[in-house]
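Read the structure below first, then the notes.
The values are calculated or read from the model by the stated rules, or taken from the named source; none is laboratory data. No experiment lies behind these values; they were computed from the predicted model shown. Cβ coordinates were reconstructed from backbone atoms using ideal geometry, including for glycine residues, and neighbour counts include every protein chain displayed. Remember, those area values only see protein heavy atoms, side chains included, never the ligands or the DNA or RNA. Shrake-Rupley method; radii C 1.70, N 1.55, O 1.52, S 1.80 Å.
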Amino acid sequence: MAGDVKPTRKNLMEIEERIEFSESGHDTLEQKRDGLIMEFMDILDTAQDVRSDLEADYEDAQKKINMARAMEGDVAVRGAAAALKEEPELSVESKNIMGVVVPQIESSKVKKNLDERGYGVIGTSARIDEAADAYEELLESIILAAEVETAMKKMLEEIEQTKRRVNALEFNILPELRENQDYIEQKLEEQEREETFRMKKVKNKKEAEEKQAREAET
């Protein structure tokens, strides 16, 4: 509160410096917030496309696996799945978007040819191959969706945090500093007026004494 601040010129200078620093920080945070929002909107557009592709890939994979089960039976489908020799591999790196670290997922051994799937050509059909293709495609969509969704979540968290800092400066810190500034300036002006009035009284008193002294001499 303003009444808790001592009305001195030193405190006034410190408050003015804090106001200047806070205003600069407020402008910087506003620019960061706006930039983050623009980046978030780009990621959101990508996320919507990824979600749409993921849903389509999931429906396609379900159709293909149901068809394979109907034509070849569950035993054949399970046998083909159990023959898999190499599982997909993932590596997670990071990239920086306006100070926000988001994951970048790299995948390998997701899509395979017939030889890499392990079950071979003999004893299986095109239905099982199509189901395998569809699920490999679905897995790639899931990996991409995980990367985009995580990036979107981290960006949103940073936007909210930046908004809180902007609001704290705009509605709490800066108004309080300006209130303290006005209080000190007002008090200093009052002190200056009182000092001017006091000096004027001293001067008038001195002039009156000098006049009396001159009159006494004459």
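What do you reckon, is Glu93 in a helix (DSSP H, G or I), charged (D, E, K, R) and modelled with pLDDT of 90 or more? The answer is no for Glu93. Taking the condition assigned to a helix (DSSP H, G or I), of a type in the set (Ser, Thr, Tyr), within 27 Å of the chain's Cα centre (by Cα) and within 19 Å of Arg178 (Cα to Cα), does Ser52 pass? Taking the combined requirement at face value, the residue does not satisfy it.
Looking at Glu170, Glu157, just one residue is open to solvent by 80 Å² or more (accessible area, probe 1.4 Å), assigned to a helix (DSSP H, G or I), at pLDDT 90 or above and not aromatic (Phe, Trp, Tyr), and that residue is Glu157.
A search for C-beta distances below 7 Å between a residue of region 125-137 that is under 17 Å from Ser107 (Cα atoms) and any residue that is in a helix (DSSP H, G or I) and acidic (Asp, Glu), counting only pairs 6+ apart in sequence or on different chains, returns Ala134/Asp60; Glu137/Asp57. Take the conditions (1) among the acidic types (Asp, Glu); (2) within 26 Å of Lys32 (Cα to Cα); (3) at pLDDT below 85; Asp115 misses just one of them, which is (2). Scanning region 1-40 for residues that are part of a helix (DSSP H, G or I) and open to solvent by 90 Å² or more (accessible area, probe 1.4 Å) gives Asp4, Arg9, Lys10, Met13, Glu17, Arg18, Glu20, Phe21, Gln31, Met38. Of the set (1) in a helix (DSSP H, G or I); (2) touching a residue at least 12 places away in the same chain (Cβ under 8 Å); (3) open to solvent by 60 Å² or more (accessible area, probe 1.4 Å), all apply to Asp115 but (2).
Criterion applied to Asp133, Asp129, Asp182 was being open to solvent by 80 Å² or more (accessible area, probe 1.4 Å), more than 30 Å from Leu36 (Cα to Cα) and in a helix (DSSP H, G or I), and the one residue passing it is Asp182. Looking at region 197-218, can you tell me whether even one residue there is outside any helix (DSSP H, G or I) and not charged (D, E, K, R)? Looking for residues that are outside any helix (DSSP H, G or I) and not charged (D, E, K, R), one finds at least one in region 197-218, hence yes.
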